[in-house]
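Laboratory data are not the source of any read-out in this text; all were calculated from the coordinates shown. Keep in mind that this is a model prediction, so the values were computed, not measured. Here the Cβ positions follow ideal geometry from the backbone for every residue, glycine too, while neighbour counts run over all protein chains shown.
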Amino acid sequence: MKLLQALIILTLLLSIVSLFLEQSDMPGPLVPVVSNLIDYAILLLVVVETAAGILAAPYKRLYLKEHLLSLAFVAAFIILFVLVRLPAFFPNAHVGGSISLLMILLRNTFLVLKIFGRFQKFSKYVENFTIHPAQTILLSFLIVILIGALVLMMGFTTRDGRGLSFIDGLFTATSAVCVTGLIVVDTAAHFTVWGQLVILFLIQIGGLGIMMLSFFAVFAVRRTISLSEKMLLSYMLSEDDMSSLVKSLRNIIVLTVIIETVGAILLFVGFSLRQGMSGQTVFLSVFHSISAFCNAGFSLFSDSLESYRNDPLVLLTVAGLIILGGLSFVVILNLLAVARRRLHRPDKKGVKKSGVLSLNSRVVLKYTLVLLVAGIIFVYATEHGRSMRELGLGEQYLSAFFQSVTLRTAGFNSIPFDSLARGTYLFMIVFMFIGAASGGTAGGIKINTVATIGASVRAFLRGDKQAHLGRHSVPGERVNRSYLILLFGICSVLAGTLVLTLTETGSFLPLLFEATSAFGTVGLSAGVTAGLSPIGKTTIILLMFMGRLGPLTILSAAGRKKPKVNIEYPMGDISIG
């Protein structure tokens, strides 16, 4: 099996190299020759791997029956390969580009799925990814980003018919899956409808999570799942009661569909006043509704939403979707449970916990309101005489509100960012670093973390032994995690900024703004993104990935759990402060 694994890995790597060469603009006759040789090597490896699997099987008929779909993939790939390569043997044969594209898509999809399935089934190393939830989530995001990048490199996704380069495809796919919104090419002008649909699909996957969607599909066909899969789902939903996992997952999916549908309807009303009632308007409405609720910040208008800064329906709808997505599903479901209880209020003995706001919900709602109001006041105070001076008073208040909503999470903008005051940039950096709520579709260190750290500092100043939030004490383990998240976030942003200052030509503040926006998965840009070097783009990609998954998921995935041995060391003294 190790030999088969090696063959599959080698084939996948060669296919990526081949795809890169096919999209490359490097001159010279050597590139097509190398590309053809690699393609024939891929064909040979696929055939050898398939034949080796059949020969190694003790029961050939049973093996063929169990691997019928895989064998059909191989047969289709060989047929398409022969059709595409016919001109090499028959100069008069002409094959359309669509068949070549289909062959490439089929080849790479087959290889990615095959290597993932082979690893899950046979490799002990990757089996750990199914045992440890954090590693499973990390791997699923990596695979979706890779597939998304490969698809965006295809010619049908861009208007010029050439597709994106590898680094730009990887950047765009990461930005979409990590619901960030930073772009290196104009989404509205550079991509075809198919390319925009690919980005929309990646946004929806990134907002909900590939594993969550996978489990919903499993439940939809009424298939049971294993204990390890239940543990993974429990980890993703932050749900300790495994008996309610199916209900919680179903509620999240249904709630997402309802919110995005209502948002799309309201946006359709707003967009149709300018765009007219057409299929294009429907697509614009659905795209921006999903992008807003998933806090992605991708827009099909080149100026984001600046042209709608005087349209309350559009801006308030987008802002409402952003807020709901940033609150997290746990908080929204808790709010719905409270509302349902109060609408059907029984006597006091019948009141259940589901009718009471949890501590987490109260903290999230309180801090969201505080940050929202603080953002409105500061943006209006610093920008009403600068970037908003041409707007009326009502438009200024509306723009200040909209930017206060988006700067912590989504990345849409209704005012130009090229004339903001330096103090505004610095203020926005702080808010982007904080982000929205834990469990939501936004990044940053999260409101919950800031609240816990604030409670810890308050307890220290008062001389209390334990941190308190309201009438609840906060476990010391949660306080330690909060400080770990804060430290991880600061180190990530500073390290990213350091790399950008060494590789890019911009000034320090815009580069810090860009790095924080990537880590907070916000998507606002000070005009730096489009001109980034390959190293700069790679740095932003890593920051987006770390910001979306979160420090705890990454550290948990990287760490190895060993048997805990309690060792007590002698007390020491050290000077502090």
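Here the range 476-493 and the range 368-404 have alpha carbon centers that stand 31 Å from each other.
Under the 0.36 nm per residue contour assumption, what length would be gained going from the current alpha-carbon distance of S507 and E306 to full extension? Could the numbers behind the result be given before it?
Values: separation 201, 0.36 × 201 = 72.36 nm, distance 2.54 nm.
In short, 69.8 nm is gained.
Amide H contacts of G444: G520, T521, each under 5 Å away and 5 or more positions distant or on a separate chain (H built 1.01 Å from N in the peptide plane; Pro and chain starts excluded). A straight chain from A421 to R159 at 0.36 nm per residue would run longer than the Cα-Cα distance by 90.7 nm. Taking a ≥ b ≥ c as the square roots of the Cα gyration tensor eigenvalues, with a/c under 1.5 meaning rounded and otherwise prolate when a/b beats b/c, else oblate, which class fits the range 382-522? Judged from the Cα gyration tensor, the range 382-522 comes out oblate (a/c at least 1.5, b/c at or above a/b).
In debye, nearest 20: dipole of the range 357-456 around its Cα centre with unit charges on the Cβ of K, R (+) and D, E (-)?
320 debye
Sorting 456-468, 380-392 by their mean Cβ neighbour count within 10 Å, with the most densely packed peptide first, gives 380-392, 456-468.
If R₀ is 51 angstrom, what is the calculated FRET efficiency for the pair L393 and V356, using the beta carbon separation as r and rounding to 0.05? E(calc), rounded to 0.05, equals 0.80. If you average 1/r over every pair of different alpha-carbon atoms in the range 272-329 and take one over that average, what Kirkwood value in Å do you get? The answer is 11.9 Å.
The modelled label-to-label distance for the pair R478/C491, using points 7 Å beyond Cα in the direction of Cβ, is 2.5 nm.
Give me the extension gain from A41 to L316: residue separation times 0.36 nm, minus the current Cα-Cα distance, reported in nm with one decimal. Walk me through the numbers on the way to the answer.
Values: separation 275, 0.36 × 275 = 99.00 nm, distance 5.54 nm.
Stretched out fully, the A41 to L316 stretch lengthens by 93.5 nm.
The spread of Cα positions in the range 283-432, taken along each principal axis and listed from longest to shortest, comes to 59, 36, 25 Å.
Computed from the C-beta positions of A56 and V82, the FRET efficiency with R₀ = 35 Å rounds to 0.85.
At R0 = 51 Å, how high is the FRET efficiency between A189 and V457 if r is their beta carbon distance? Nearest 0.05 is fine.
On the way: r = 48 Å, r/R0 = 0.93.
Step by step, r from the Cβ atoms, then E = 0.60.
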